[in-house]
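Here is the structure we will look at.
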Amino acid sequence: MTFPDGTEALRDVSFSVDKKEFVTVVGPSGCGKSTLLKIASGLLERTSGELEVDRDHLGYVFQDSTLLPWRTVTDNVLLLAELHNIPLADRKQLARDAIDLVGLTGFENHYPKSLSGGMKMRVSLARTLTLKPPVFLFDEPFGAVDEITREHLNEETQKLFLREGFAGLFITHSIGEAVFMSTRVLVMSARPGRIVAEFVVPFDYPRKPELRFDPEFSKLSGEVSHALRGGYG
Amino acid sequence: MTLPDLGQASETISPLAGIDASAAQAVDDNVRQAAFRPKSRGRELAETVLPPLVLGSLVIAAWYFISYGVLTEARRFLLRPPHQVLQVGFLDWENFSEILLGLWSSARVATIGLSISIAIGFFLATLMSQAKVVERAVFPFMVALQAIPVLAIVPLISFWWGTGQRSRIVVCVIISLFPIIVNTLFGLQSAERGIHDLFTLHHANRLTRLRKLMFPAALPAIFAGLRISAGLSVIGAIVGDFFFGKGGVGIGQLLRRYANNLQGEELLAAVIMSSLLGVAVFLLFGWIQNRAVGRWHDTTGA
Ligand SMILES: Nc1ncnc2c1ncn2[C@@H]1O[C@H](COP(=O)(O)OP(=O)(O)OP(=O)(O)O)[C@@H](O)[C@H]1O
Ligand SMILES: [Mg+2]
């Protein structure tokens, strides 16, 4: 992928994500991770290469929550249902389920300005969930929330993944987050982004929070971190 | 009179905005801080009301001083003392009802003018938001139009539209159109890039995007623009009335007549009432704004 100004953002990136797979891409800032998702989603036109994505009801969670400030939580969650003309009769139940899934019951009538960053991200997740997307793209959705909230959200995302069985492609800076949730971790190099390593994560689902203190977990995280460093030099 | 420039229009800096916002803020803070700051509601109120009251008293004192201390008996007609203005201008029903009727006539002109401005302004701004080329084409002319001093085109207006109600309305529109266009356009373009991406991703068409994203996002700016334009349309109506004498007598005609006849008391009363009309309109639109977007938008000072 090369931008009009000559910036080469991605080179030789090749991988596939199947249903019931959760693949995480880690890489240094500016290596082209967002670009990768934009190409996958069709927001950006690729300049070379091949691509095949099931874009019917594609789920895409952005780096920030992108909520509409004039809509309540419920109405924000229902935005995509409206855009996809899902029948009015089904929407109420759809919103209730999605809000329940992300644990925001009780906040249905709040406006975004009265929600914390983590809660906004949950609304954004719930909004995407209403589409029951077979393919789910995440662009560093929890980059802006604190460590504890992030771990919480990781556990919830994992639950959603197990329940919905989508094909997940998750971008992050955080190695712990990557290893905890994924079936596979891809490591990208600095720009132009290439995939320099791939790790299969062997732990069984559902993964418990305590897994983070498991020596095996630390060992794998260390290896990913090492590969990531190698990618810099 | 000066029209607000582009920057002011979009940021809605206005001396009145400060007053209104601080009053709202005071009430708000009161609720929020009551728990941990022992400050009574009465004291809060005193702190907001007292300063303008004191200043107002000082102004009236200075007014008396000028009327009696500076002006000689023969020249006192230039500035009648406050109580005479009150007696002749406000308490004499014959005079006061004349002023009220004039205000009513001008308020009607302002309402019609503002409505036309809103219609034209929304239409143009929406068009400009949909096609950059329209924005590029129209914008320079809008800037030019708002840069023309109204005085300079008064002869032209009366040449084309006569000296009746229609010309007054034209002045109103010319004065109040620009802030509506600028603010509406600014608002329509204010939605975040990320949210636009979301709409693109889900194949929203132009109309859906306009209806569900751009228009609601524009509301705070639209109301800010309306607030400015509403005030300006009152000024436009009065200025227009001042120059165009045919048809119903508005407050502008009265101002002119009172000045010519040296009716100082009525003149001052009419000036005060015009200013009150402006303030009322400004507050009214602030209230509407708060009702419309206050729930989700932090309206700070706008
Ligand atoms: N429209 C564009 N035109 C030119 N260069 C661009 C454009 N968009 C992104 N880039 C460049 O491409 C590179 C990759 O950008 P991208 O946003 O994909 O990085 P990223 O890996 O998501 O970074 P971060 O982790 O900070 O979000 C960056 O160096 C950026 O400067
Ligand atoms: Mg990015």
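The values are calculated or read from the model by the stated rules, or taken from the named source; none is laboratory data. Everything numeric here is computed off the predicted structure, so don't read it as measured data. When we count neighbours, we look across all protein chains shown, and the Cβ atoms used for this are built from the backbone with ideal geometry, even at glycine. Ligands, DNA and RNA are stripped out before the accessible areas are found, and what is left, the full protein with its side chains, is counted by its heavy atoms. Shrake-Rupley method; radii C 1.70, N 1.55, O 1.52, S 1.80 Å.
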For this session: Give just the number: which of (1) crowded, with 18+ Cβ neighbours inside 10 Å; (2) aliphatic (A, V, I, L, M); (3) more than 13 Å from the chain's Cα centre (by Cα) does A:Leu125 not satisfy?
Result: (3)
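Would a scan of the stretch B:208-225 turn up a residue that is under 19 Å from B:Ser105 (Cα atoms) and open to solvent by less than 10 Å² (accessible area, probe 1.4 Å)? Full working, then the answer.
Let us first name the residues in the stretch B:208-225 that are under 19 Å from B:Ser105 (Cα atoms), namely none.
Checking the stretch B:208-225: not a single residue is under 19 Å from B:Ser105 (Cα atoms) and open to solvent by less than 10 Å² (accessible area, probe 1.4 Å).
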Exercise. Quick one: is B:Val27 open to solvent by less than 100 Å² (accessible area, probe 1.4 Å) and either modelled with pLDDT of 95 or more or in a helix (DSSP H, G or I) (or both)?
Worked result: yes
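Residues of the stretch A:101-115 being among the charged types (D, E, K, R) and in a loop (DSSP other than H, G, I, E, B), which ones? So that I can check it myself, show each step before the final result.
Our first condition is that a residue be among the charged types (D, E, K, R); within the stretch A:101-115, this holds for A:108, A:113.
Selection gives A:Glu108 alone.
Could you check how many residues of the stretch A:11-39 are open to solvent by less than 80 Å² (accessible area, probe 1.4 Å), within 16 Å of ligand 2 (Cβ to nearest atom) and over 13 Å from the mean Cα position of the chain (by Cα)? Show your work before the answer.
Pass one, the stretch A:11-39, residues open to solvent by less than 80 Å² (accessible area, probe 1.4 Å): A:13, A:15-17, A:21-28, A:30-39.
Narrowing further to those that are within 16 Å of ligand 2 (Cβ to nearest atom): A:13, A:24-28, A:30-39.
Then drop every residue that is not over 13 Å from the mean Cα position of the chain (by Cα), which leaves A:13, A:27-28, A:30-32, A:35, A:39.
Total meeting the criteria: 8.
Filter the stretch A:1-46 down to residues that are of a type in the set (D, E, K, R) and near ligand 1 (Cβ under 7 Å from one of its atoms) and give me whichever is farthest from the other protein chains (Cβ to nearest Cβ).
Of all residues in the stretch A:1-46, those of a type in the set (D, E, K, R) come to A:5, A:8, A:11-12, A:18-21, A:33, A:38, A:45-46.
Next, from what is left, pick out any that are near ligand 1 (Cβ under 7 Å from one of its atoms): A:5, A:33.
Values: A:Asp5: 18, A:Lys33: 16 Å.
Looking at residues that are of a type in the set (D, E, K, R) and near ligand 1 (Cβ under 7 Å from one of its atoms), I get A:Asp5.
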Seminar exercise, completed: Note on the stretch A:139-157: residues free of Cβ contacts under 8 Å to residues at least 60 places away in the same chain, within 16 Å of ligand 1 (Cβ to nearest atom) and under 11 Å from the mean Cα position of the chain (by Cα) are A:Phe142
For this session: Please determine, by comparing only the residues of the stretch A:98-116 that are surrounded by 14 or more Cβ atoms within 10 Å (Cβ to Cβ) and within 20 Å of the chain's Cα centre (by Cα), which one is farthest from the other protein chains (Cβ to nearest Cβ).
Result: A:Gly103
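Being over 18 Å from B:Ala217 (Cβ atoms), surrounded by 11 or more Cβ atoms within 10 Å (Cβ to Cβ) and within 12 Å of chain B (Cβ to nearest Cβ) is the filter here; which residues of the stretch A:74-90 pass it? Quick ask: steps written out before the conclusion?
Let us first name the residues in the stretch A:74-90 that are over 18 Å from B:Ala217 (Cβ atoms), namely A:74, A:77, A:81, A:84-90.
Subsequent filtering for residues that are surrounded by 11 or more Cβ atoms within 10 Å (Cβ to Cβ) retains A:74, A:77, A:81, A:84, A:86, A:90.
Within the stretch A:74-90, A:Ala81, A:His84, A:Ile86 qualify.
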Exercise. Take the residues of the stretch A:177-196 that are surrounded by fewer than 18 Cβ atoms within 10 Å (Cβ to Cβ) and more than 13 Å from ligand 1 (Cβ to nearest atom): which is farthest from the other protein chains (Cβ to nearest Cβ)?
Worked result: A:Val196
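Can you give me the ranges of the strands (runs of 3 or more DSSP E) entirely in the stretch A:116-219 with at least 2 residues that are over 24 Å from A:Arg91 (Cβ atoms) and away from ligand 2 (no atom under 16 Å from the Cβ)? Let's see the steps before the verdict.
Numbers: elements: A:135-139, A:167-172, A:184-188, A:195-200.
So the answer is A:167-172, A:184-188, A:195-200.
Could you say which residue among A:Leu131, A:Leu160 is more than 16 Å from ligand 1 (Cβ to nearest atom), within 14 Å of another protein chain (Cβ to nearest Cβ), modelled with pLDDT under 90 and more than 30 Å from B:Asp298 (Cβ to Cβ)? Spell out how you get there, then give the answer.
Numbers: A:Leu160 fails: within 14 Å of another protein chain (Cβ to nearest Cβ).
Exactly one of A:Leu131, A:Leu160 is more than 16 Å from ligand 1 (Cβ to nearest atom), within 14 Å of another protein chain (Cβ to nearest Cβ), modelled with pLDDT under 90 and more than 30 Å from B:Asp298 (Cβ to Cβ), namely A:Leu131.
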